[in-house]
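Asker: Take this structure, written in structure tokens, and hold onto it; I'll ask about it next.
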Amino acid sequence: MLFFGAALAGCTGEEVEKVVEENTENDANNNNTNNTADDTNNTADDTNNTAGETNTAVYSATDILAMLGVDGSDDAELDFMAPADNQEKFGIHMIITAPMDTLGLTDDEGSPSSVGDEDVEIVVINMFDNNTKRVASHMVMTMNMGGMSMEIQMKDTQGQHPEFSNAGYINQVMTNMDTYQPEAMWLIDNKWSYEEALEEIFPEDEEEDDHEDHGDHDSHVDHGDHHDMTFVCGDGSEILLEFVNDDDEDCDDGSDEQQYDVDGNPINWFECNDGTGDIIWINQVNDGHPDCLHALDEVGPGPEGQGMGDDGMTDIEETEIGPDMPEPTAEELSAVNWTTSIDETSGMQTFTGIVTMEGAGEWTYELAIMPTVPPVMKSLKMENDTESFDISLLYGDEVVIELVTEDTPGWDRGASDLWLDRDESVFHEEICTNSENEDAATKLMWGGYEECTSFDWRIEEEYNEDGDAIGVINEGCWNYHTEEWYDTSPHDLNYAECNAFEGTLIHEVQIEYTLFGEIEVMTAQLEIHILTPAYDENGDSIDEQTVLANITVHNQPAGTDASSDQMWMGSWTDDDGFTWTVNWICNSPENSPGVVSENCAVVLYTSGMMEVTGEDGDTWMEGPKTNFDVKLYDLWAEDYTGNPMPSFTLGLSIIALLGACLSRRKLE
């Protein structure tokens, strides 16, 4: 119990009240009545050891707490990070056993799911090795579902490349929830560092983040503040994304709320713009359940307590993943009557106590140390009638981190997690000029392209019964678009002016796909693929996409200053005859030549309009269609990028809270 409280204090920085110090004095007295050795032997200096033997001692709770930082001072804090101090290799092995109902599972509707009281076992292993520069975060969850045993694996292992100091290997294993079989992949991150890998797998708590700099990757992986994201209404106006699906129509056309046809079917949808081409219904936005990659459809706290964090990942409340770990107060610790014993075979000294916590009931805590000089903490077990947390600490050769670094049976090559954030902009301008009178255009009703190009000097004649012209009824400047005469006030256009109008259309479309992700790759292994849409007009998924064009990526040459320049990669002509130029921007000072990373971008550009004739013979002008899809194809992995394993700091953020906390003392 003492050490679990220490773990929480070490992570949260909460000060332990002095009442603990007073309790430890009681502990020492209690221990004296149970130990065979007298009090003079409960010191680090054991004079009974012979030469050549490892020094050992019989410790009291006071000794252990002092080692953990509770030294009697007013600012004393329990520090469970102490075991990792000065360790080159360290790890934690934790087994959680609890009824399945404590996992906080929900059904397809997001409602709590009753899965019974059968136990689920969760094994979490977190390790680091400063010598080989490797880190690992593994979780295996075993449960019984309908009489069947099911195992779910989530494993992430990373390590230094042996030849390149700025590159590393990444191994990931994830259970496929369709087949319930584990799938393993390995890949190379060409902009990797050991420190950043530690921070990714073992994130520090928010309080520490406010005071410490953890390297360039912190800013490098920032996906921006999702609270500033906007939603484009049907009429082109924009509102904050947080106002979408809030039961209040903020767009004039109501497109920010779910609309339905006469049969009650939803008719307006939301484009994820995450590089996948995914489309969801408006009523799925901000519903607390991420449907788009990186949860780009969620902003702020949702109905289930979920929302977007500043790192672009979904924040999930502690109660939604795994059983709650017991968190005793200082007063509850002070009430514990700690006993101690020594195993004659192993030499381990064990502390045992029962803590009664408000709202959590009674928990039995058992702490084992190796009573060397100084002592070494080995394990901690916390249990009540239904749940248990069994934690073992790993040192030295006990820490073994295997890493796949080449093609291996059972392991697939993994593509980069780079995904594309789509931003489309349209510049449209209609210019009307008159070669006879530069002020003539100011006499028009609207001055648009169609009005400007629809003038004709028209003569209306009167005809007799035989069809012969017998006179002129009207003659003047006529506009077929507005169906108005322009030779009279207020227009007063003469013959020369009427025939001298010229309309010009300027219609430019630019689509910029900005890259986001953490796993950087070489440009030599990337292609830009332009594909047919992933969804039809009704929003239904299309099974197969056809590649319309593929263009090889070339990064910004070394030593060039391209703060705003775009590199031409190629061009593509669509079915309507519009030619798109494909440019590449990758000019961040942090980007190594030849390495593609975040904030690089693919830019497609075209201009012009085409005349379209409707079924009734009416004609109008339209710009190019932009319903195609753009993806990055990883030639090395033979797969599209942007489909990474789920964030392991997300999936294990609560279940492995203690393990992550313990493992933060790696490089300090």
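The values are calculated or read from the model by the stated rules, or taken from the named source; none is laboratory data. Quick caveat: nothing in here was measured; it's all calculated off a predicted structure. Here the Cβ is made from the backbone with ideal geometry for all residues, glycine too, and neighbour counts use every protein chain on show. Note: areas computed on protein heavy atoms with side chains; ligands, DNA, RNA excluded. Shrake-Rupley method; radii C 1.70, N 1.55, O 1.52, S 1.80 Å.
Asker: In region 397-498, which strands (runs of 3 or more DSSP E) lie fully inside it and hold 2 or more residues that are open to solvent by 90 Å² or more (accessible area, probe 1.4 Å) and charged (D, E, K, R)?
Answerer: Where strands (runs of 3 or more DSSP E) fall fully within region 397-498 and carry at least 2 residues being open to solvent by 90 Å² or more (accessible area, probe 1.4 Å) and charged (D, E, K, R), they are 411-413.
Asker: Further question: So TYR194 fits all but one of (1) modelled with pLDDT under 90; (2) in contact with a strand residue (DSSP E or B) (Cβ under 8 Å, 6 or more places away or on another chain); what number is the exception?
Answerer: Evaluating TYR194 over (1) modelled with pLDDT under 90; (2) in contact with a strand residue (DSSP E or B) (Cβ under 8 Å, 6 or more places away or on another chain) leaves (1) as the failure.
Asker: A follow-up question, please. Restricting attention to region 80-115, and to residues there that are open to solvent by 30 Å² or more (accessible area, probe 1.4 Å) and of a type in the set (Gly, Ala, Ser), which single residue is modelled with the highest pLDDT?
Answerer: It comes out as GLY104.
Asker: Is there a residue in region 487-509 that is charged (D, E, K, R) and free of Cβ contacts under 8 Å to residues at least 40 places away in the same chain?
Answerer: yes
Asker: Also, quick follow-up: For region 151-182, enumerate the residues that are of a type in the set (A, V, I, L, M, F, W, C) and buried (at least 16 other Cβ atoms within 10 Å of the Cβ).
Answerer: Once the filter is applied, which keeps residues that are of a type in the set (A, V, I, L, M, F, W, C) and buried (at least 16 other Cβ atoms within 10 Å of the Cβ), region 151-182 yields ILE152, MET154, ALA167, ILE170, VAL173, MET174.
Asker: Given the structure, is HIS227 in a loop (DSSP other than H, G, I, E, B) and at pLDDT below 65?
Answerer: No: the conditions fail for HIS227.
Asker: Could you tell me which of the residues ASP565, ASP575 is at pLDDT 90 or above and open to solvent by 80 Å² or more (accessible area, probe 1.4 Å)?
Answerer: ASP575
Asker: So the check is Cβ under 6 Å with 6+ separation or different chains; which pairs have a first residue in region 235-249 that's without any contact (Cβ under 8 Å) to a residue 12 or more places away in the chain and a second one that's in a loop (DSSP other than H, G, I, E, B) and buried (at least 17 other Cβ atoms within 10 Å of the Cβ)?
Answerer: GLU249/GLU257
Asker: Return the total of residues in region 526-549 being surrounded by 13 or more Cβ atoms within 10 Å (Cβ to Cβ) and at pLDDT below 90.
Answerer: 4
Asker: Restricting to region 119-140, name every residue that is among the hydrophobic types (A, V, I, L, M, F, W, C) and either out of contact with any strand residue (DSSP E or B) (no Cβ under 6 Å at 6 or more places or on another chain) or without any contact (Cβ under 8 Å) to a residue 40 or more places away in the chain (or both).
Answerer: The answer is VAL120, VAL123, VAL140.
Asker: May I ask you to list the residues in region 149-181 that are assigned to a strand (DSSP E or B), more than 23 Å from GLU118 (Cα to Cα) and not polar (S, T, N, Q)?
Answerer: Hits for region 149-181 are LYS155, ASP156, GLY159, GLY168, TYR169, ILE170, VAL173, MET174.
Asker: Within the bounds of region 653-667, is there any residue that is at pLDDT 50 or above and open to solvent by 40 Å² or more (accessible area, probe 1.4 Å)?
Answerer: There is no residue in region 653-667 that is at pLDDT 50 or above and open to solvent by 40 Å² or more (accessible area, probe 1.4 Å).
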